[in-house]
Amino acid sequence: GLPAALPTLPLELTVLYNSLLFTLGASDSAIEGEAEGIHQGLLRVLEACGTSGQDLSTEELWQKVLQEVKMKDLQAPLHRLGALQAAWWLAASRLGSTTSLFRLLSNTEDLRRAHCSNGENELLFLLKAWQVPPEDASLPLVQSAEDVKEVLCTAAAFLQGLQELEAGNFPAALSLLQEATGGFCSKTILAQIYTCLSCCAQRMGKPQTALQHLRRALQVDFQCLPALSHVAALYRELGETDAELQSLSLLYEALEKKPPVAACSSPYSLIRTELLVHTAILSSLLRHRHPSEVKYLLAQRCLQDGRVANAVEHYLDFLALLQEGLQQQVPLDGDSAMPRIPEVFLEAACALKQAGRHQDAITMCEDVISQTTDLIPRMIRVEKRVEQLECPLPGAGPASGLPSQKKESLRCLAWRAAGFLHQGWTWATLGKNKEAVTQFSRCLNDLLRVQLHGSAVEPAESLLPEVKVLQKIRLLSLIGRGAQFLEQGKCKEALLDFQHGLQISPGDPAAASYLVQALWELNRKQEAAAYWQKFYQSSPGEDEQQERCGTFSFRSFPLYLVSCVRQATFPHSESLSRSIQDYLRITSQESSS
């Protein structure tokens, strides 16, 4: 409450500087908000000089103070306080305000002209050019301004590198992040910078360089687990599945262990880079995965790569975690690799089925069926394709016109129908035709809940994603039931199923092949041969397009359907083709004679 006095201002500003540093040093979280103490300190300076700045912003106050206050004894305390102000502004990503402040602190036009000619980053140039005021032995500091300057330089390079990375200016980002690696920071921050460098290199199409940066990150700080997560992702991009799975296994083991508390590499540093750099892109790049998420990734990748035994082990481990009540800890945000829990059960059923554990697979599907039964309305009316909005919302996806409750109902229906579908194919594998037909029929009956409105034939790209999945499940179920009818000698019933399948997906290779076989079994050989010629003698480009858009496009559909797609592939293509070719040759000879 004492009035400001010029003789005591150096001491007052030094006490303010030290107290703010102690406040920062005692904080484990990033700096937020404005430094009210600095604002009040600047007002005290103006008050002592006989002027006022009550209506000015902090940025305007700094401009007024540094331009009007010329007392030599106040220059060093003001410069030190300016360094702390820069820390607050950097923490708020106010790079423009920080640059303006150091222009005032440097106050050297020659240096600015040199910057312009050299093309160096202006903020880094001004920070490096800033002359740190000499310390006064009578006014001890808890952290030197030189240390603060080093932290500011590192944080400024890191922050600007992240901004350029987010903007897609990768060469500029690379240069700034490399500058940050030579700065004053803890091992934790250095490892984070190398991880960001790897992301930059990866986006520049340099995966090997990215791996080198990640190895460096782990050498610097073996507890930088996000780096290990990026290593696994890079190996996946490179197609090195063994290395990817090994990285995921190491990541899971590390996450399962309680990590030791990292010792601070600079125990006497109160202001640290950690407190200044906390942007959204950094949080995204350094997102820590939950052990359950990594366990799921291991299961998923093993299933995708055909490592069925390992996939079963990982899926069962993951489901055990759910049984223990850890599902609340499993992340379900947009960045998570985790699908919805019913999909995990269905994927586990795929793995169990492929491993020959058929009864376990059937039981797993029964869990999905029972859990989703009460979540599906009796009838769901939906348009086949996306309705184009006159004023679409920014960032709206292709299914933005579908109400969320209806989308959820369609998803639940897809999971339940897929459960019946898997049970049908599992019984078919066991040679139980009757049970297989029953489950395929249940699947098809379930799908009758959906009333689709729109033209009879819609372009595949215009269909709603949920509708695409349901249509695929229906097609696979029709093929499955038709195949069982063929084995039972019910060729007419089989023919109807295959015809319905081709109505859903015209030109589908599996449905078309089965239809030809059904016609052949019905002794309608001329029709079978005509259809075979129409389908199999189409141009290679057309066939390839059919494969990309039809049954063989595994990536277009959920992982839990892939095994059913493979099972639905027609197994007798070569023998059927030979029979039809022989028939065509004989009929040709007969007609010519």
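The values are calculated or read from the model by the stated rules, or taken from the named source; none is laboratory data. The shown structure was predicted, so the numbers you read here are calculated from the model rather than taken from an experiment. All Cβ positions, glycine included, derive from the backbone under ideal geometry; neighbour counts span all protein chains shown. Ligands, DNA and RNA are excluded from the accessible area calculation, which covers all protein heavy atoms including side chains. Shrake-Rupley method; radii C 1.70, N 1.55, O 1.52, S 1.80 Å.
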Separation in nanometres of the label points that stand 7 Å from Cα toward Cβ, at Leu316 and Glu493: 3.6
Rg over Rh, two decimals, the stretch 1-138 (C-alpha only, Kirkwood Rh): 0.96
Where labels lie 7 Å past Cα in the beta-carbon direction, separation of Ala243 and Gln359 in nm: 4.4
In sequence order, calculated HN-Hα J values of the stretch 290-296 (Karplus, 6.51, -1.76, 1.60; Hz; x Gly/Pro): 7, x, 4, 5, 5, 4, 5
Karplus (6.51, -1.76, 1.60) ³J(HN,Hα), θ = phi - 60°, over the stretch 237-243, in Hz, Gly and Pro reported as x: 4, 7, x, 9, 5, 4, 5
For Ile380, residues with placed amide H under 5 Å, excluding near neighbours: Val450, Gln451
For peptides 226-233, 62-69, sequence by mean Cβ density within 10 Å, most packed first: 226-233, 62-69
In Å², nearest 10: area of Ser284 left accessible to a 1.4 Å probe: 60
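For Glu36 and Ile504 in the same chain, what is the full-extension length gain: residue separation times 0.36 nm, less their Cα-Cα distance, in nm?
Values: separation 468, 0.36 × 468 = 168.48 nm, distance 6.71 nm.
So the chain would gain 161.8 nm between Glu36 and Ile504.
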The stretch 267-324 - percent of accessible surface contributed by carbon and sulfur, probe 1.4 Å: 50
Solvent-accessible surface ranking, highest first, for Lys72, Lys534, Lys128, Lys187 at 1.4 angstrom: Lys72, Lys534, Lys187, Lys128
Overall dimensions of the stretch 465-516 as given by Cα atoms, namely Rg and Dmax in Å: 10.6, 36
In order through the stretch 418-423: 3J(HN,Hα) via Karplus (6.51 cos²θ - 1.76 cosθ + 1.60), integer Hz, x for Gly, Pro: 5, x, 4, 4, 5, 4
Simple Cβ-charge dipole of the stretch 1-138, Lys/Arg +1 and Asp/Glu -1, about Cα centre, in debye nearest 20: 320
Links that overshoot a 18 Å alpha carbon limit, given the list Lys468/Lys534; Lys187/Lys295; Lys353/Lys407; Lys257/Lys295; Lys353/Lys432: Lys468/Lys534; Lys187/Lys295; Lys353/Lys407
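Which order do Thr14, Thr23, Thr587 take when ranked by solvent-accessible area (1.4 Å probe, heavy atoms of all protein chains), largest first?
Sorted descending by solvent-accessible area, the residues read Thr23, Thr587, Thr14.
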Segment Leu448-Arg215, extension gain: residue separation times 0.36 nm, minus the distance between their alpha carbons: 78.5 nm
Kirkwood hydrodynamic radius of the stretch 139-234, Cα pairs, Å: 13.7
Most positive-pole-ward Cα, Leu2, Gln131, Leu13, against dipole of the stretch 1-138 from beta carbon charges: Gln131
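For Leu584 and Val15, calculate 0.36 nm times their separation in residues minus their Cα-Cα distance, and state this gained length in nm to one decimal. It would help to have the intermediate numbers written out before the result.
On the way: separation 569, 0.36 × 569 = 204.84 nm, distance 10.04 nm.
Gain on extension, Leu584 to Val15, equals 194.8 nm.
Only Cα pairs under 8 Å and at least 6 apart count here; give the relative contact order of the stretch 1-138 as a rounded whole percent.
Here the relative contact order equals 26 percent.
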